[in-house]
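Chemist: For reference, the structure I am asking about is given below.
The values are calculated or read from the model by the stated rules, or taken from the named source; none is laboratory data. These numbers come from a predicted model, not from an experiment. So basically every Cβ, Gly included, is an ideal-geometry build from the backbone, and we count neighbours across all protein chains shown.
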Amino acid sequence: MATYNLKYNKDDSVIRHIIVGLLADLNSKLSFWRQISNDERAIVDVPFFYAVAGDENFIKDNFLFSNANGISCEPNGEFADGNYDKVPRGIVNLTSFAVDPSKLINKRNLGNYTMMNSQGLMEGYVAEFEIIPVVIGVDIEILLSSQLDMFKVTESIVKNMYKANFYHVDAGHLEDGTYRISSEYMMPDDYTQERPIEYGFDNKENHKITFSLEINSFIPSFDFEEDIYTKFTRSVYSNGVCGNYGDPNLVTLNPSEIYDGDIPNPLTYCDSDDNIWTWNTESQSWIKTGYDAEFDMNGLGTLLSTNSQLLRTSKRRKNSNRIFKFTNTTDQPAGTMDKDKPLFGDATDVTSADLPFKE
C-alpha cells in the first residue's frame with residue numbers, strides 16, 4: 001500500500017502542522033561542535049520535542065518498569081534503571097494563539113489544493129478561500145549539561161538563526177483537500193541563561209537557555225465545492241439503454257460494462273429529456289443524434305435488466321482550467337530594443353480558456 005494515501009485523525013489540524021514544522025526547522029538548524037580530544041571533534045545536534053506530561057504511573061510504565069506494581073518492583077530489562085532524559089534537548093511549549101485582524105485581506109482569493117479522487121489518485125483543484133492570519137506564541141527551553149555548552153548553543157543560535165526564519169508545511173485532509181501554507185518567525189534579541197548554583201540530593205538541575213517565539217502564519221478557509229452523489233436508474237434492452245443520466249459522456253456510461261463486452265451495433269440511448277444518443281465505436285463516445293418526445297421503447301428490443309447506482313458528479317474546478325495568456329496589444333517592429341517596448345501590464349491583453357472564478 002502506498003504511504004501518501006494513509007489517513008490519520010491528526011491530518012486536518014493546521015495548528016499541529018505549524019508546530020511540527022517549527023520543530024523540524026529547529027532540528028535542522030541548531031547544533032554545536034564539541035572537542036573530544038586533540039585529534040577528534042564531534043558535532044552535537046540539539047533535538048527539539050513538543051512539551052508533554054504524564055502521571056507517575058505513565059512514566060514508570062513507559063520509561064522504567066513493565067508494571068508499576070510488579071512483583072518486588074523489578075525493573076524491566078529493556079530499560080535502564082533511573083532517569084536518563086536526553087541532554088541536550090529543546091522543549092517547545094504552546095503558550096498563546098491569536099488572530100491578527102490587521103492583516104486580513106479580501107476573501108475572494110483563488111488557491112490551489114489537491115484531493116484524492118475515488119480511484120486513489122491525487123488531483124489538483126482551484127477554489128476561493130480566505131486567508132486568516134494567526135500569531136502563535138511558544139516558549140522554548142533548551143536543556144544543557146554544562147555552562148560551556150550553554151555558551152556554544154547561544155552562539156549557534158545567533159550565527160545560524162538570527163533573525164528571520166521561514167518554513168512551509170503541507171496541511172489538510174485527503175478527502176477535503178490538502179494545501180501548502182507558509183510560516184515565519186523571528187529570533188529574539190534576548191536569551192535568558194540559567195545555571196544551577198545549589199544542588200540537592202533529589203534535584204536534577206540543568207543549565208538552561210529560555211526564550212519565546214511568535215510564529216506568523218495563516219489558516220486558510222477554503223470554499224470547497226461539494227461533490228454531489230446522484231442516484232441514476234437505467235433500463236438495459238437488447239439494442240439500447242434508457243435512463244436519467246442526461247449526457248452519458250459526463251458520467252462515463254460505458255457500454256462495454258453494461259453488455260459485458262458484446263456491444264450491439266448500432267447502440268441507442270434515450271435519456272429522461274427524450275434526447276436520443278448513439279454510441280460511436282471509433283471515438284468511443286456518445287453522440288447526440290436527435291430528440292423524440294414520443295420515443296417507443298419497444299424499438300430497443302427485449303428488456304434485459306433494470307438497476308440503479310450512485311455516482312459522484314463533482315462540481316469542483318480543476319486546476320488545469322486556470323490557463324491564462326498575456327500578450328502585447330501593440331506589435332513592435334523587428335529590431336525594437338527592449339527598453340523601447342512597453343512594460344508588463346502596459347497595453348496588454350489577458351485571455352483565458354476557462355474563467356476560474358464564478359461568473
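Chemist: Restricting the stretch 180-197 to residues that are crowded, with 18+ Cβ neighbours inside 10 Å and of a type in the set (S, T, Y), which is nearest to V138 (Cα to Cα)?
Modeler: Y185
Chemist: When A42 is evaluated against the numbered criteria (1) touching a residue at least 12 places away in the same chain (Cβ under 8 Å); (2) outside any helix (DSSP H, G or I), which criterion, by number, is the only one it fails?
Modeler: (1)
Chemist: Counting only residues that are within 41 Å of the chain's Cα centre (by Cα) and in a loop (DSSP other than H, G, I, E, B), which one in the stretch 181-203 is modelled with the lowest pLDDT?
Modeler: Looking at residues that are within 41 Å of the chain's Cα centre (by Cα) and in a loop (DSSP other than H, G, I, E, B), I get Y191.
Chemist: Going by the structure shown, is T278 among the polar types (S, T, N, Q) and at pLDDT 70 or above?
Modeler: It is true that T278 is among the polar types (S, T, N, Q) and at pLDDT 70 or above.
Chemist: Moving on to the next point. Where in the stretch 249-311 are the strands (runs of 3 or more DSSP E), entirely inside, with at least 1 residues that are of a type in the set (V, I, T) and closer than 15 Å to V236 by Cβ?
Modeler: 268-270
Chemist: Can S320 be described as at pLDDT below 70 and either among the aromatic types (F, W, Y) or outside any loop (DSSP other than H, G, I, E, B) (or both)?
Modeler: So S320 passes the test.
Chemist: Got a sec? Which strands (runs of 3 or more DSSP E) wholly within the stretch 78-177 have at least 2 residues that are within 19 Å of D11 (Cα to Cα) and either hydroxyl-bearing (S, T, Y) or in contact (Cβ under 8 Å) with a residue 12 or more places away in the chain (or both)?
Modeler: In the stretch 78-177, the matching strands (runs of 3 or more DSSP E) lie at 109-116, 122-144, 164-173.
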